[in-house]
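Bear in mind that the values in this text are calculations on the coordinates, not laboratory data. On a predicted model such as this, the values are computed, not experimentally measured, just so you know. Cβ placement follows ideal geometry from the backbone for every residue including glycine, while neighbour counts extend to all protein chains displayed.
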């Protein structure tokens with residue numbers, strides 16, 4: 001099925017970006033430079049495109065047979081151009097949850113409900129998690145051996161889920177693939193449950 005949209009992100013040095021369909025309820029679509037139907041000028045953010053939507057082997061929406069549109073061929077031009085230029089000012093609920101989680105962790109350590117070494121552990125596990133996402137993204141672009149999804153989920157479960165979220169948004173990686181997303185959100189819930197269990201059980205082990 002063909003669709004229309006505007007390019008909202010483009011990484012020219014790597015030759016890929018993301019299209020926001022004219023129907024704003026639809027998810028963004030991945031675009032690679034080789035997916036254009038014909039060779040032409042390099043795309044720029046805001047250009048109008050017509051394309052076929054497929055689901056690739058990674059489970060993400062991808063544009064194929066892409067062609068440029070003239071201004072009189074586009075739909076909802078004003079609405080989509082505003083989307084391309086308007087910065088995202090509202091905070092995502094996960095971003096807010098990360099702030100609350102970090103504050104809770106600091107308070108719990110300050111009140112000695114949790115051991116002080118947990119702060120250093122949290123910093124290290126999040127750094128490792130972000131690095132693994134970056135490695136997987138690089139491997140995907142170069143067709144090299146990927147980081148197993150189980151490894152990414154395990155790092156998230158062990159406390160690296162905040163860095164995993166920022167890596168997903170910053171690197172545009174694993175943002176649409178299912179069921180990866182559902183499992184990722186499950187690791188957040190499980191990690192918080194483990195943290196609460198540690199707060200309850202730790203005093204019993206110390207006596």
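A few comments on the model shown:
- 165, 117, 10 arranged by Cβ crowding within 10 Å, fewest neighbours leading: 117, 10, 165
- Whole-angstrom gap from the range 170-194 to the range 100-125, using each part's C-alpha centre: 22 Å
- q = 0.12 Å⁻¹, the range 93-206: log10 I(q)/I(0) [Debye, one scatterer per Cα]: -0.45
- For 26, 174, the sequence from fewest to most other C-beta atoms within 10 Å is 26, 174.
- Neighbour counting of Cβ atoms within 10 Å sorts the residues 92, 153, fewest neighbours leading, into 92, 153.
- Within the chain, helix-based [θ] at 222 nm, where runs of 4 or more DSSP H residues each add -39,500 (n - 2.57), nearest 500: -15500 deg cm²/dmol
- Taking the Kirkwood radius as Rh and the Cα radius of gyration as Rg, the range 155-197 has a ratio of Rg/Rh equal to 1.00.
- P(r) tail fraction, the chain - alpha-carbon pairs more than 26 Å apart, %: 46 percent
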